[in-house]
Amino acid sequence: MNYNSIKEGVFLSRPNRFIAKVMVGGAEETVHVKNTGRCRELLVPGARVWLSLADNPCRKTKYDLICVEKETERGPILINMDSCVVNDAAHEWLARGELFSPDARIRREHTYGESRFDFFIEDGDKKTYLEVKGVTLEKDGTALFPDAPTLRGVKHIRSLSSLALSGHGAYILFVVQFKGARSFSPNREMHPEFADALLSACRSGVRILCMDCAVTPSSIDIDSPVSFIL
């Protein structure tokens, strides 16, 4: 996934979860934040950020905030924080045929019961449901999800467990939107119910996948497996 017309800026503040104030070329801009999560450890005053020029010239905000540089003990890392791009990157990765056969039919946004999943894959006689979660929270080399309580996420996991127990394929793919994570874990401190649901899902036959990404200010590409600890 590639972005066009990238601008570097300096993060100033976040008045609400939808917008941020960023210094760009010596002028303060109000930009759209493409991630409604808390992102408190990322969006700190003075952080280097990157913006993409919006396609719609009539929009109130000229730019979207898509990437941030986070300082860590191991040095700075680039974190893509565009929650809208994760499913597009996952679709590209699935289309490579690394998980299913080259003949698999991949469809996006499929409803089963009361849940809507990101992907529905038909591979021969096997029908599989796959849900994608983007991960931007990093702590001491560990990637964590979620960064805020997510009842919707718990519902998805429980629905996947039911599908797995009924004989369907059921996957949850955690896309770590940066490089260098040593492992992934559910963020039990933030949302114990999510962590419990994920562990139960694994025991029910839901396959858990975790992949990191090669990130530049203008691109994101799903890259390598990351080990997970439940």
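Could you look through segment 180-199, keep only residues that are of a type in the set (A, V, I, L, M, F, W, C) and more than 14 Å from LEU137 (Cβ to Cβ), and pick out the one that is most open to solvent (accessible area, probe 1.4 Å)?
Here the residue is LEU199.
Under 8 Å between Cβ atoms, at least 6 apart or on separate chains: pull out the pairs that start in segment 12-29 with a residue that is outside any strand (DSSP E or B) and end on any residue that is polar (S, T, N, Q) and open to solvent by 50 Å² or more (accessible area, probe 1.4 Å).
ARG17/THR36; PHE18/THR36
Give the residues of segment 77-98 that are surrounded by fewer than 20 Cβ atoms within 10 Å (Cβ to Cβ), aliphatic (A, V, I, L, M) and over 22 Å from GLY37 (Cα atoms), sorted by residue number.
Matches in segment 77-98: ALA95 only.
Can you give me the ranges of the strands (runs of 3 or more DSSP E) entirely in segment 157-230 with at least 1 residues that are in contact with a helix residue (DSSP H, G or I) (Cβ under 9 Å, 6 or more places away or on another chain) and either free of Cβ contacts under 8 Å to residues at least 40 places away in the same chain or within 22 Å of HIS91 (Cα to Cα) (or both)?
Counting at least 1 such residues, we get 169-176, 207-216, 219-225.
Here's a check for you: in segment 17-58, which residue that is within 21 Å of PRO146 (Cβ to Cβ) and open to solvent by 70 Å² or more (accessible area, probe 1.4 Å) is modelled with the highest pLDDT?
Within segment 17-58, the match that is modelled with the highest pLDDT is PHE18.
Looking only at segment 55-65, which residues are out of contact with any strand residue (DSSP E or B) (no Cβ under 6 Å at 6 or more places or on another chain) and either within 17 Å of GLU28 (Cβ to Cβ) or of a type outside the set (A, V, I, L, M, F, W, C) (or both)?
Those that are out of contact with any strand residue (DSSP E or B) (no Cβ under 6 Å at 6 or more places or on another chain) and either within 17 Å of GLU28 (Cβ to Cβ) or of a type outside the set (A, V, I, L, M, F, W, C) (or both): ASP55, ASN56, PRO57, ARG59, LYS60, LYS62.
The values are calculated or read from the model by the stated rules, or taken from the named source; none is laboratory data. This is a predicted model, so every value here is computed, not measured. With ideal geometry, Cβ positions are generated from the backbone for all residues, glycine too; neighbour counts draw on all protein chains shown. For accessibility, only protein heavy atoms count, side chains too; no ligands or nucleic acids. Shrake-Rupley method; radii C 1.70, N 1.55, O 1.52, S 1.80 Å.
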